[in-house]
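**Q** Mind looking over this structure? Questions follow.
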Amino acid sequence: MTETLRRSDFRFFHRLRVRWAEVDMQKIVFNAHYLMYFDTAMADYWRAMALPYEEAMLALGGDLYVRKATVEFNASARVDDVLDAGMKCVRVGNSSILFQGGLFRGDELLVSCELVYVYADPATQTSKPVPPRLREILAGYEAGESMREVATGLWAELGEGAGKVRREVFIEEQRIPKELEWDEHDATALHAVARNRLGQAIATGRLVPESPGLGRIGRMAVNRVLRGGGHGEAVLRALEAAAAARGDREVMLHAQRSAEAFYTRLGYVPHGEPFEEAGIAHIEMRRKL
């Protein structure tokens, strides 16, 4: 690693704060922790590409293994420093992928790294060619292309993807009884499904008419691994646009109290008193279109 990295060399950053457990008596970070910082940043890099790592690798038919890790130290990080770990894919070979990382305190480069991964068969751990789809996703992300698309349509078109996300989130994760999850509205509702570049459904929601001029958005769900990546907002905005296009003047939804701040940030305001639905605390929220 001979080149000097700058913040502007990266489009992806993972932010972290140095904890007391990561420093020595001089309050500087133990050298071994820097590789942990970059490894954590790599996990978020996959999320930034809208890829739930385990599901994505299963779909691709392989896995990635670290072959080589090189770290170059310029300065030390100290306890309570707020750091940004930048990562970028710089080369994809036949079966290997080279990532470069830079750890910054503000604009100061503290540590740089190179990580070489080998794409391999997880059963035999023998190398195999990097799939063309993965190559395209990596190149597209670094070029600033969108990693997600949102489609709207009826259950007959989108039910498989929407149902998968809802089953994972509501039935398996939140343990809502399955007889409460599926209802007669699915057949007539307008559904929205966000998919990643592998075609995997990662978020969903639906729109049904509540009353003249008022649409009801519901069944909002995002893949657990990918929350915070803007996928729920993309689905919500698609449903709002559809509601406005058909003449609705306002939309409402029943927000789980744990998601109230999310909807508040997107312009929704509470309407009425909190209540329980399927054993989970909710509040009705509305937004004018």
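Just so it is clear, none of the values below were taken in a lab; they were calculated from the coordinates. These numbers were taken from a predicted model, which means no experiment stands behind them. Positions of Cβ are backbone-derived with ideal geometry, glycine not excepted, and every protein chain shown enters the neighbour counts.
**Q** State the three equivalent ellipsoid semi-axes of region 148-288, derived from the C-alpha gyration tensor as the square roots of 5 times its eigenvalues, in descending order and whole Å.
**A** Square roots of five times the eigenvalues give 20, 18, 15 Å.
**Q** On to the next question. If you consider only alpha-carbon coordinates, what radius of gyration and Dmax does the chain have, in Å?
**A** 22.2, 67
**Q** Can you give me the distance in nm between label points at R175 and F30, each placed 7 Å from the Cα along the Cα-to-Cβ direction?
**A** So the label points at R175 and F30 sit 3.6 nm apart.
**Q** Evaluate E = 1/(1 + (r/R0)^6) for V82 and E149, where r is the Cβ-Cβ distance and R0 equals 22 Å; express this FRET efficiency to the nearest 0.05.
**A** Given R0 = 22 Å and the Cβ-Cβ separation, E is 0.05.
**Q** Roughly what percent of Cα-Cα pairs across region 37-117 reach past 21 Å?
**A** Above the 21 Å cut-off, region 37-117 has 33 percent of its Cα pairs.
**Q** Between R91 and Y65, how many nm apart are label points set 7 Å from Cα along the C-beta direction?
**A** 2.1 nm
**Q** While we're here: In debye, nearest 20, what is the charge dipole magnitude of the chain about its Cα centre with +1 on Lys and Arg Cβ and -1 on Asp and Glu Cβ, if you could check?
**A** Around 500 debye, computed over the chain.
**Q** Measure out, as a whole number of angstrom, how far apart the alpha-carbon centroids of region 44-96 and region 227-289 sit.
**A** Distance between centres, Cα-based: 34 Å.
**Q** Suppose we keep just the DSSP beta bridges with both residues in the chain; what percent of those would be antiparallel, to 5?
**A** Bridges in the chain are about 95 percent antiparallel.
**Q** Just how large is the dipole of region 148-288 about the Cα centre, in debye to the nearest 20, putting +1 at every Lys and Arg Cβ and -1 at every Asp and Glu Cβ?
**A** With Lys and Arg at +1 and Asp and Glu at -1, about 580 debye.
**Q** Calculate the FRET efficiency for L98 and K288 from the Cβ-Cβ distance with a Förster distance of 35 Å, rounded to the nearest 0.05.
**A** 0.10
**Q** Quick one: if you stick a label point 7 Å off each Cα along the C-beta vector at T126 and E210, how many nm between them?
**A** Going from the T126 label point to the E210 one covers 5.9 nm.
**Q** A follow-up question, please. Could you tell me which residue out of I283, V225, V165 lies farthest along the dipole of region 148-288 toward its positive end? Charges go on the beta carbon: Lys and Arg +1, Asp and Glu -1, centred on the Cα centre.
**A** Farthest towards the positive pole: V225.
**Q** Something else now. Would you calculate a helix-derived [θ] at 222 nm for the chain, using -39,500 (n - 2.57) for each DSSP H run of n ≥ 4 and dividing by the full residue count, to the nearest 500?
**A** Theoretical 222 nm ellipticity from helices: -7500 deg cm²/dmol.
**Q** With +1 on each Lys and Arg Cβ and -1 on each Asp and Glu Cβ, and nothing else charged, work out how big the dipole of region 231-289 is about its Cα centre, in Debye to the nearest 20.
**A** Computed about the Cα centre, the dipole is about 300 debye.
**Q** Still on this structure, I have one more. Enumerate the calculated ³J(HN,Hα) couplings along region 56-62 in order (Karplus 6.51 cos²θ - 1.76 cosθ + 1.60, θ = phi - 60°), each rounded to whole Hz, writing x wherever the residue is Gly or Pro.
**A** So the J values, rounded to whole Hz, are 5, 5, 5, 5, 7, x, x.
**Q** Can you bin region 1-55 into rounded, prolate or oblate? Criterion: square roots of the alpha carbon gyration tensor eigenvalues sorted a ≥ b ≥ c, rounded for a/c under 1.5, prolate for a/b above b/c, oblate for the rest.
**A** Oblate, since a/c reaches 1.5 and b/c is not below a/b.
**Q** Restricting to region 148-288, what percent of DSSP beta bridges are antiparallel, rounded to 5?
**A** Approximately 90 percent, going by the DSSP bridge assignments.
**Q** Quick one: which residues, 5 or more positions from S95 or on another chain, have an amide H under 5 Å from its amide H? H modelled 1.01 Å from N in the peptide plane, none for Pro or chain starts.
**A** Amide H neighbours of S95, under 5 Å, 5+ apart: V130.
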